[in-house]
1. Taking the condition polar (S, T, N, Q), open to solvent by less than 40 Å² (accessible area, probe 1.4 Å) and more than 7 Å from chain A (Cβ to nearest Cβ), does B:Gln553 pass?
2. Any idea which residue in the range B:196-219 is least open to solvent (accessible area, probe 1.4 Å), counting only those that are assigned to a helix (DSSP H, G or I) and of a type in the set (Phe, Trp, Tyr)?
3. Regarding A:Trp174, is this residue in contact (Cβ under 8 Å) with a residue 60 or more places away in the chain, out of contact with any Cys (no Cβ under 9 Å at 6 or more places or on another chain) and within 27 Å of A:His462 (Cα to Cα)?
4. One residue is enough: does the range B:520-531 have a residue meeting the conditions touching a residue at least 24 places away in the same chain (Cβ under 8 Å), open to solvent by 40 Å² or more (accessible area, probe 1.4 Å) and of a type in the set (Asp, Glu)?
5. A:Asp561 versus (1) more than 9 Å from chain B (Cβ to nearest Cβ); (2) open to solvent by 20 Å² or more (accessible area, probe 1.4 Å); (3) within 10 Å of A:Ala634 (Cβ to Cβ): which is the lone unmet condition?
6. Would you be able to say whether some residue in the range A:262-271 is of a type in the set (D, E, K, R) and away from every other protein chain (no Cβ under 14 Å)?
7. Does the range B:315-358 hold any residues that are without any contact (Cβ under 8 Å) to a residue 60 or more places away in the chain and not in a loop (DSSP other than H, G, I, E, B), and which are they?
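The values are calculated or read from the model by the stated rules, or taken from the named source; none is laboratory data. Here the structure is a predicted model, which is why all the values come from computation and not from measurement. Cβ placement follows ideal geometry from the backbone for every residue including glycine, while neighbour counts extend to all protein chains displayed. Note: areas computed on protein heavy atoms with side chains; ligands, DNA, RNA excluded. Shrake-Rupley method; radii C 1.70, N 1.55, O 1.52, S 1.80 Å.
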Protein chains: 2
Amino acid sequence: MEISKDGRVTLPVEVGIDKEVHEMINKWGADAIRNSDGTELSKELMEMAVKVYTTYLTARNDQKWARNHMDQLQMQYLMSKHNIAVSEVLEIDLLDGFFRRQFDIDKKHDCNRYWEVIDRTTGKVVDNDVWKFNKEKGTVVIKDAHKWHRYTVSFLAYQIWDTTHMYNHLTNNWTTPPHMGYDVFHKETRDHILSYLGNWLKENPSVDVVRFTTFFYHFTIAYNDKAKEKYVDWFGYSASVSPEAIDEFERVYGYKLRAEDFIDEGYYNSPFRVPSKSFLDWMDFAQKFVTENAKKCVDLCHEYGKEAMMFLGDNWIGTEPYGNYFKNIGLDSVVGSVGSGATLRMISDIPHVKYTEGRFLPYFFPDTFHEGGNPTKEAVENWVQARRAILRNPVDRMGYGGYLSLALKFPDFVDKVAEITEEFREIYNKIKGTKPYTPKFKVAILNAWGKLRSWQTNMVAHALWYKKIYSYVGVIECLSGMPVDVEFLSFEDIKCKGIASDIGVIINAGDAGTAWSGGTYWIDDEITGKIREWVYNGGGFIGIGEPTAYLHQGRHFQLSDVLGVDREIGFTLSYTRHDKALEDKHFILEDNEKHINFGEGMSDVYSVGDNTTILSMDRGDINLSVNEFGSGRAVYISGLPYTPENVRILFRAIYWSASKEKDIYNWYTSNSNTECAAYLDMGNIAVINNSDAEQKTTLYINTNNYMDINLKPYEIRWLTV
Amino acid sequence: MEISKDGRVTLPVEVGIDKEVHEMINKWGADAIRNSDGTELSKELMEMAVKVYTTYLTARNDQKWARNHMDQLQMQYLMSKHNIAVSEVLEIDLLDGFFRRQFDIDKKHDCNRYWEVIDRTTGKVVDNDVWKFNKEKGTVVIKDAHKWHRYTVSFLAYQIWDTTHMYNHLTNNWTTPPHMGYDVFHKETRDHILSYLGNWLKENPSVDVVRFTTFFYHFTIAYNDKAKEKYVDWFGYSASVSPEAIDEFERVYGYKLRAEDFIDEGYYNSPFRVPSKSFLDWMDFAQKFVTENAKKCVDLCHEYGKEAMMFLGDNWIGTEPYGNYFKNIGLDSVVGSVGSGATLRMISDIPHVKYTEGRFLPYFFPDTFHEGGNPTKEAVENWVQARRAILRNPVDRMGYGGYLSLALKFPDFVDKVAEITEEFREIYNKIKGTKPYTPKFKVAILNAWGKLRSWQTNMVAHALWYKKIYSYVGVIECLSGMPVDVEFLSFEDIKCKGIASDIGVIINAGDAGTAWSGGTYWIDDEITGKIREWVYNGGGFIGIGEPTAYLHQGRHFQLSDVLGVDREIGFTLSYTRHDKALEDKHFILEDNEKHINFGEGMSDVYSVGDNTTILSMDRGDINLSVNEFGSGRAVYISGLPYTPENVRILFRAIYWSASKEKDIYNWYTSNSNTECAAYLDMGNIAVINNSDAEQKTTLYINTNNYMDINLKPYEIRWLTV
């Protein structure tokens, strides 16, 4: 067969539509095919002259093993509901509110050792001799409860239904028996996983790329008693546990973990929590273990002459691509779902792999591909939002997922994807691995996680919209396609290494108390001291939402002196406000023509100090302001959802706070709906229109050289210099 | 002269318009006249056959004394700005940002004893030997500052301009020399105050009522360096201090107060702060002292056959009418400004006086009485809002303030006030001191202040609108005219005495951490235990805004089990929400026809537990919900500004949470714009229309007996039974 285009595209395929698959390979220029969970690859498909990816489910491909080793299934730490003691004897039904087809309470291990009953009114652990586990009923009975206190039980349960399988099963009304995932921590299972993989590799010679979906531990998902999602944390480690691993941890780290180290008051170490030392230690332990054993799988693939690709999701816990141990796995590539510019960069910036691949939206599923659906619109919007980020740092390949037969019913969609794949390849070839122009200073996102959660700040479930986060996720979304170099910095980085000289602007964005804002780190005088000194000497600081927030000694924003603002939390109402917005147009708003969208914003922010200049207010609350601190500058923004106008506001705020206003017109477009990327090593300049309307823009090569350009809706225009 | 009506009205008068004063006395049925700060009473006016009130400024009537005793002027505790140490020597200009015509730094007393320099980065007090006060420059120099830390100085200053005089002076462009207030704490001054009053009483035989405006210490006001208000706390004690009083406090209470006990991180013990023990002790000390000496003034008045009336405001600190010592003063009456129903009740509920008087709005000042102004509208709205509260418990007299000559230019206004005063007298005479119908159970407002701050919850400056409080002030405003008996309860009351058997519903309303919500009281298991038990056994609990809030052990609302809701503060986003609002009409919303106004509301409130019934949601956040807990019931409301509809929602929420739905139709009106008050002892029923439109309503005597009534705009209709 003939591939007319140069590839870089992966096609999801199904058996029984070989002719159509052939056509699509040509139409989209696909040079690889893949199956999905629930689809198979036929011999005919595998023999087509393209690369073949096959999904490999490391911890559940052998369900016979699972059924025969029920005591080696994966576990999860769970917390019961809060129960009020209305009498001195309190019986707590552990699985009340959980999905009983997902979990089976651990009756094998010593509950006194691994469980905890906690009086949540006082926070005290209840003595083991005061409570008893009733194995038959699945309850814990506290015999001497303090009346009107509330109690919880932290306990371990086997996962008797694999999370992804359960999700797909319930979502797609599958009727196959539930898959169960086994735990690689048990040596017997570990050996089996490797030997099973070895056999599989031997028996599947036509497979070119083993697409691990994924390795060992799933991110945290628990369903409720109505078979609906109860808890989901894409970053969660609650399903990476077992008594055996906890014992091993104690041996290595020298201290015993408590159930509470996992339960965390019921917050389960959400990434919004400033991580505790014990949780960081557990992550370190799990990451070492996971990467070591993932490496063994990858090595096996290589032995059989196959590539090893990891899907960034599902059982990805412990593999964090921006973590300390990822490189040891030795993967050839990572593939992930692209829901936005930030998620694209989350994939394309991954180090230590030969290539990355983005799976674009929409998924070929009936939720979009039904009569009256508009998959073409969704594809274009997804592509255009990701394209800005691709221009900064492209993934090496793109692809789609789901049922191809569904997509084929929408010829419009098929044609549009042909255009998109062609545009993708054009970009890739014009860039040729070179770096587009960025200013000399870097922009750092500062939070409690730093590099580990690069492009993953303020996220709950992967790339999903939440009311409480979109005004912060907008920050990394804006940055993902912006001509600046971005670094993710933790408070510990600043404590250990100070602030590197190439950083020009620090951004701190998040709600008070969260890991993204920083919580207690802001009453660490080493951190506030270093940042104050750095700003005073010329640094730029941008705070979004509740930056530097920790109520302490009369201030909610601990760097209110730097920011020029603080937030009213009810104690300073007696201070009369005299805030007024600036009437002139400030540098930051020069390109802004309409009402600014601050998303959820932040109520009750007011000026402190004498220098604050307010650029935007609403009902007495500051939404946007600037302040000078020594030779440095700070900007406060109440919220920054992703919009083309907000990209521009943030971009200008970055240049202003870095005191580099004069440099902004190097490779700049006047119209907020347009952006440019200048590949000076290649002599290629891309100018893009991110909007669905025609746009007129002025492309600035520098302050003195510029040209007017008209762009069609969503157009990318290439110029040469 | 002839007084055609039966009085109960006080007229503000001026010299030079005797004829008009005569006319107005007849027209409004005034039986008393008064002067204001800035107006005088002529001999002719005083000889009119009506009662004469004269304003008496206890602590500043003798400015000669003030000038000759500058070291006995009143003082104020102040905190400097926050200053960042950019080098090891930090010089802090104490009065920077303050109005230098208001304050003079205390150079007389030992600054090492009464001042504090605090490192606000760490919260630690700086040793005395590290800083020095430069008397000439008015600065403090810290010689060994920790670089990049922020520092404040807490210091004492003399008030060289009396607060009220300064306010009137700057507001009305007066050009007289500033008044200074002297401090009654100094024996010499105290003796002088009394002898001066004695002389004055002797020399003013025509005065019937000495209107003390007020006694000794002004509530806290500090102006800024632009001569504008910087800080105002109608409840503030910062201007009740002196080194001599602090020393005396130490002698009596056995411990030395710190400057920080007054400065309170710069919050100056705002009533929004859960009060510290030391502040409560100081209030107790000041109240004892103030009431003892106020009594001496009152006794003197009585000796001279005059009545003693206190103005509730200005120098009222220490006299709290709902405090433990107020009754000792022996006042005949209290007069206060009526800005709303709640402020009316704040006056009319005052115990231990012979009568109360309300000063209604508008003030006869040019801000309202100018060409194009509409004082009539303001008078009617003020009257109608207060009338609901008058029907519950009337003040005994009403009056107006300001320049009568201004009012006379608006004949419309003069006529309308004649109607209002007549309506007031009619109400008063129909009630004759009897109590209108209320249900058998009481409603308690629970906060850290309890009885002391009756009808004063969530207030900053007296009756002024603030964005951050109106959604809470609405609660007491709704209650002020509602047919229920209201009690103000503190957490200490519950700890000491439990919950009285006549209380049917407890309301907790306020922002997290404030004294109104309760802050740390909510992790006191004695309090949560007693309330849980009480609700479980049938009590009703209504939470508004952030009730029972203190982030602890996985819950922000500590009684989330009772309320059925909690607030997301960023840590539980991983819990999937399945909240849906009830489609049927709940009892609480039966009278509601339009969109509910929750004011500022409260973002991110979600259900916890399985029983929560959601009555109103907006963008995924709960605004109104109900829950059952044992035999008891709870209601959550996100905010409750004062509107006729919200009066009804709260009223129904009270009956529902008390499980008394069936009793609600005793003396009930169907239309939310109308209310009724049933004086069963008199056989008189008042039905009022609070709106500016005609209203049709059904008056329920009980469930089975009712009648339709049509009411004209703002009408009050009297029926007899």
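1. On the way: polar (S, T, N, Q): yes; open to solvent by less than 40 Å² (accessible area, probe 1.4 Å): yes; more than 7 Å from chain A (Cβ to nearest Cβ): no.
Judged against the criteria, B:Gln553 is not a match.
2. Kept after step one, since they are assigned to a helix (DSSP H, G or I), are these residues of the range B:196-219: B:196-203.
If we keep only those that are of a type in the set (Phe, Trp, Tyr) too, we end up with B:196, B:200.
On the way: B:Tyr196: 73, B:Trp200: 41 Å².
The extreme case among them is B:Trp200.
3. Working: in contact (Cβ under 8 Å) with a residue 60 or more places away in the chain: yes; out of contact with any Cys (no Cβ under 9 Å at 6 or more places or on another chain): yes; within 27 Å of A:His462 (Cα to Cα): yes.
In short, yes.
4. yes
5. Exception for A:Asp561: condition (1).
6. At the first step, the residues of the range A:262-271 found to be of a type in the set (D, E, K, R) are A:264-265.
Then drop every residue that is not away from every other protein chain (no Cβ under 14 Å), which leaves none.
No, every residue in the range A:262-271 fails to be of a type in the set (D, E, K, R) and away from every other protein chain (no Cβ under 14 Å).
7. B:Phe326, B:Lys327, B:Asn328, B:Ile329, B:Val334, B:Gly336, B:Ile347, B:Ser348, B:Tyr355, B:Thr356, B:Gly358
Table: residues versus (1) touching a helix residue (DSSP H, G or I) at 6+ places or on another chain (Cβ under 7 Å); (2) assigned to a loop (DSSP other than H, G, I, E, B); (3) open to solvent by less than 20 Å² (accessible area, probe 1.4 Å).
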| position | (1), (2), (3) |
| --- | --- |
| B:Arg60 | yes, yes, yes |
| B:Lys64 | no, no, no |
| B:Gln76 | no, no, yes |
| B:Ser87 | no, yes, no |
| B:Asp96 | no, yes, no |
| B:Arg101 | no, yes, no |
| B:Lys107 | no, yes, no |
| B:Arg113 | no, no, no |
| B:Phe133 | yes, no, no |
